[in-house]
Every structure is written in structure tokens, then in C-alpha cells.
Amino acid sequence: MKKLSLVLLVAVATALSMGTTSCGPETTNPTPTTTDSTDTGGNIEVVNSVTVGLQAYSIVTEAERTNSTYVTAKDETEIICFGNDAEAGDIDFQITFSGKSTGTYVSNSTGADKVVFGLGTGTEGDVRRQEHDAGSTALTVVVTEYGNVGGLVKGTFSGQVKNQNGQTINISKGIFEVVRKADR
């Protein structure tokens, strides 16, 4: 028993001596390093994300197919986002609204503030792919920034969509940030 007490006493003393500081040189915290997240495969990481039902998607977009375009003949802005979430898989969404300015647009409106919204999850052409639209549901898109050509179009969206089986699916925490291409 005395040996056990002695061992415990030595262990406690060692732990206490390690926790105290002396007048030695100061230690500094290491400088944080940043990593280059540039993807040379044609994908860019921006703030595009959405939760479809219970599945959250943090979208790494395909640069070639993710953009915003103002269509002069229709006086409409088209936003399209194609990408992939590492865990949830492929996803894309399309947003179309009148004009080319910031504002709030809703799917169940009949006026100038109407938005057309579609969303697809899963690989294109795969039988398990799910298509969703807000043609008969309430979904709101808020465009918070509408940049010049080469600038960004940013905003948020949430509401409900229906899938091809007629089931209503909640859409939440939708965020888009896309580059505005030349008007056509």
C-alpha cells in the first residue's frame, strides 16, 4: 500500500510540475496557415447551398454550367447552378424572374414578382434522380445583390416544391452566388 501511495504521490507531483510555468522563454502560437482551395478541374467553390427535405447540400459548382444571364428579349434573369455535394451527390437548381434587379420574388405570384424555380437531385439520366418544381407551391427567392456583367448575383431561397410523384418537399437555407454572364 505504501508503494502505491508513493507512486500516486510521484505521479501527482509530476503532473503539477508540468502544469506550472517558469521564467523561460515565451511560446507563441503558430501562425495559421491557409490552404489553396483552387480546383483546376473546372469547379469553383462559392456559397451555393440548400437543404432539400432533411438532406443538406454544400454545393461545389461546375463553373461552366453555373451562372446568371439576363435575357433581353424576355426581360428575365435566369440563374442556373450545377454541382455536387461530396456526401449527398449531384444537385442543380434553376431560378427565373422578371427584370434584372434585387428584390423578393415568389412562386405563387401572378405579377412581376413571380419566380419560376426548379431543382434536381441525383445524377442526370439516372432513374433515381428526383425532379422538383415550385409551380404549385409557395417558394420565395430574395435577390440581395445584382452585379454588372462579370460581377455576382447573390441571394437566398426557401419554401416548398413538389417532386415528380406529387409529394411536397421543404426547401430551406438556400443560398446562391453566381457570376453574371453577358446579356443575350
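The values are calculated or read from the model by the stated rules, or taken from the named source; none is laboratory data. Being a predicted model, the structure only gives us computed values, none of them experimental. Please note: Cβ atoms are built from the backbone with ideal geometry, for glycine as well, and neighbour counts cover all protein chains shown. With ligands, DNA and RNA removed, areas are computed over all heavy atoms of the protein, side chains included. Shrake-Rupley method; radii C 1.70, N 1.55, O 1.52, S 1.80 Å.
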Subject >> So T61, is it under 18 Å from R184 (Cβ atoms) and either open to solvent by less than 40 Å² (accessible area, probe 1.4 Å) or among the hydrophobic types (A, V, I, L, M, F, W, C) (or both) >> reply: no
Original post:
For the subset of the range 117-157 comprising residues that are open to solvent by less than 20 Å² (accessible area, probe 1.4 Å) and among the hydroxyl-bearing types (S, T, Y), which member is farthest from V52 (Cα to Cα)?
Top reply: T137
Original post:
Can you tell me which residues in the range 158-180 are open to solvent by 60 Å² or more (accessible area, probe 1.4 Å), over 13 Å from the mean Cα position of the chain (by Cα) and among the basic types (K, R)?
Top reply: K162
**OP:** Could you figure out which of (1) part of a loop (DSSP other than H, G, I, E, B); (2) open to solvent by 70 Å² or more (accessible area, probe 1.4 Å); (3) closer than 16 Å to I80 by Cβ isn't true of D183?
**Re:** (2)
Original post:
Within the range 78-93, is there a residue that is within 19 Å of E177 (Cβ to Cβ), more than 15 Å from the chain's Cα centre (by Cα), aromatic (F, W, Y) and not in a loop (DSSP other than H, G, I, E, B)?
Top reply: no
Original post:
Looking only at strands (runs of 3 or more DSSP E) that fall completely inside the range 95-158, which ones have 2 or more residues that are touching a residue at least 40 places away in the same chain (Cβ under 8 Å) and of a type outside the set (G, A, S)?
Top reply: 115-121, 139-146
Original post:
For the subset of the range 92-105 comprising residues that are among the β-branched types (V, I, T) and over 30 Å from G125 (Cβ atoms), which member is surrounded by the fewest Cβ atoms within 10 Å (Cβ to Cβ)?
Top reply: T102
**OP:** Can you work out which of the residues in the range 106-116 that are more than 15 Å from T77 (Cα to Cα) and of a type in the set (S, T, Y) is least open to solvent (accessible area, probe 1.4 Å)?
**Re:** S109
